[in-house]
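In what follows, a single structure is set out as structure tokens and then discussed.
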Amino acid sequence: MRLWQQAMISLALNHSIKNFIQNYRPASVFARRFVGAINEFEILQKAEDLRSKGTLVSFFHLGEYVKDKDKILQTIESLIKVIKGVKETGLDNHISIDPTQAGLLQGFSFCQNNLIKLASCIQSASGSSIRTSARNYLMIDMEDASVTQATLDLYATLIDRKLPAALTLQASLFRTENDLEQIFRHPGAVRLVKGAFAEKSSICHTDKEKIDHQYLSLGKKMLFQSTSGKRFYPIFGTHDHHIIYKLIAHARKNNISSDRYEFEMLFGVRPNLQADLIRQKQIIRVYLPYGKDFWPYAVRRIGENPKNIRFLARSLFPE
Ligand SMILES: Cc1cc2nc3c(=O)[nH]c(=O)nc-3n(C[C@H](O)[C@H](O)[C@H](O)COP(=O)(O)OP(=O)(O)OC[C@H]3O[C@@H](n4cnc5c(N)ncnc54)[C@H](O)[C@@H]3O)c2cc1C
């Protein structure tokens, strides 16, 4: 699986294929399966549609490891439009962003300033939001291990300023248990994922069983922390129904009500599982990407599940 995943990561980074697909197949089955919309207006409509069916969203503007400063500023402006648009609706102001999309490759302060701008915007929009129970966060995604510490530092800066920030942690990394303990010292929110990057075995578990075990153990700690009175909100970013049902059983056994935590899945992935959890009154959010730069994001979805290749095949050969 790791070899397959690595092959898909290389494909995602191939510029010629990316340009071909994005220019000639922008509305393909492949894109529509995993990407919510192209622009801010349409993505807000999509989010309202999902909300009416019981699903919350986290908005994500497409683009990874961005080197061009203008593109970074366009991403920030686009997200600000979404945040302002959300204010008028009953949606959560929940935005996901990769540190390298916000300018980490250009420098820590540049990235930090962009994140502060977005989180401040969420904070002021939330102050006048029509829904006070909304979970409003700037969720910082976690990229490869070369930026883990910088990403933790960015999160800490936002929390120090009492801005509405949340952080993604990867259960596969050895360091995560300790990082989580540090985060527990302050009010905050963590999205726990297994980890999408093929890192060296010296810093992470590579065996699926061990990663799943670690995920469950950290997930239980997060649930416990949500009851500690320290205002901690657990978000479980996974499609693994074994883990999901074990966490729900653990929460029930410990009288942790289902509004104290949530599950988040990728838009287009395991829709039946999402519907089943909604029926069970669990909070379900989807990570909802929008924008034109869909190729690298969608190819990663094939890396996670080879069966998704059928959507790519139908896009390339529609007849
Ligand atoms: C909301 C969210 C945010 C994320 N953010 C990050 C991040 O910031 N950093 C990071 O490193 N990783 C991130 N990830 C990816 C994550 O690390 C995993 O690589 C990915 O979610 C697959 O792991 P899993 O927990 O779903 O479990 P798995 O054991 O991989 O999968 C469980 C089940 O779900 C199915 N499944 C999983 N993915 C797909 C798919 N794409 N299509 C169809 N079926 C699928 C599998 O086939 C399997 O049946 C995020 C994932 C989610 C859901």
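The values are calculated or read from the model by the stated rules, or taken from the named source; none is laboratory data. Fair warning: this is a prediction, and the values are worked out from it, not measured in the lab. Positions of Cβ are backbone-derived with ideal geometry, glycine not excepted, and every protein chain shown enters the neighbour counts.
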Going through region 83-101 in order, the residues found to be within 13 Å of A119 (Cα to Cα), more than 16 Å from the ligand (Cβ to nearest atom) and outside any loop (DSSP other than H, G, I, E, B) are I83, K84
Wholly inside region 222-319, strands (runs of 3 or more DSSP E) that include 2 or more residues that are exposed (fewer than 14 other Cβ atoms within 10 Å of the Cβ) and near the ligand (Cβ under 10 Å from one of its atoms) are none
Just to be sure I understand the filter: pairs with C-beta atoms under 7 Å, separated by 6 or more residues or on different chains, first member in region 200-224 and closer than 17 Å to S146 by Cα, second member within 11 Å of the ligand (Cβ to nearest atom). Which pairs pass? I203/A145; I203/L173; C204/S172; C204/L173; C204/G195; H205/S172; H205/I211
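Results for (1) in a loop (DSSP other than H, G, I, E, B); (2) touching a helix residue (DSSP H, G or I) at 6+ places or on another chain (Cβ under 8 Å); (3) of a type in the set (G, A, S), shown as yes or no for each residue.
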{"residue": "K162", "(1), (2), (3)": "yes, no, no"}
{"residue": "H186", "(1), (2), (3)": "yes, yes, no"}
{"residue": "A198", "(1), (2), (3)": "yes, yes, yes"}
{"residue": "T206", "(1), (2), (3)": "yes, yes, no"}
Given the criterion over 17 Å from the mean Cα position of the chain (by Cα), assigned to a helix (DSSP H, G or I) and modelled with pLDDT of 95 or more, identify the matching residue among S124, S109. S109
When restricted to L44, L56, L62, the only residue under 22 Å from A275 (Cα atoms) and in contact with an Asp or Glu (Cβ under 6 Å, 6 or more places away or on another chain) is L56
Of all residues in region 162-188 being small (G, A, S), modelled with pLDDT of 95 or more and more than 9 Å from the ligand (Cβ to nearest atom), the one that is farthest from the chain's Cα centre (by Cα): A165
Condition met for L50 (closer than 16 Å to A166 by Cβ, within 16 Å of the ligand (Cβ to nearest atom), under 17 Å from the mean Cα position of the chain (by Cα) and in a helix (DSSP H, G or I)): no
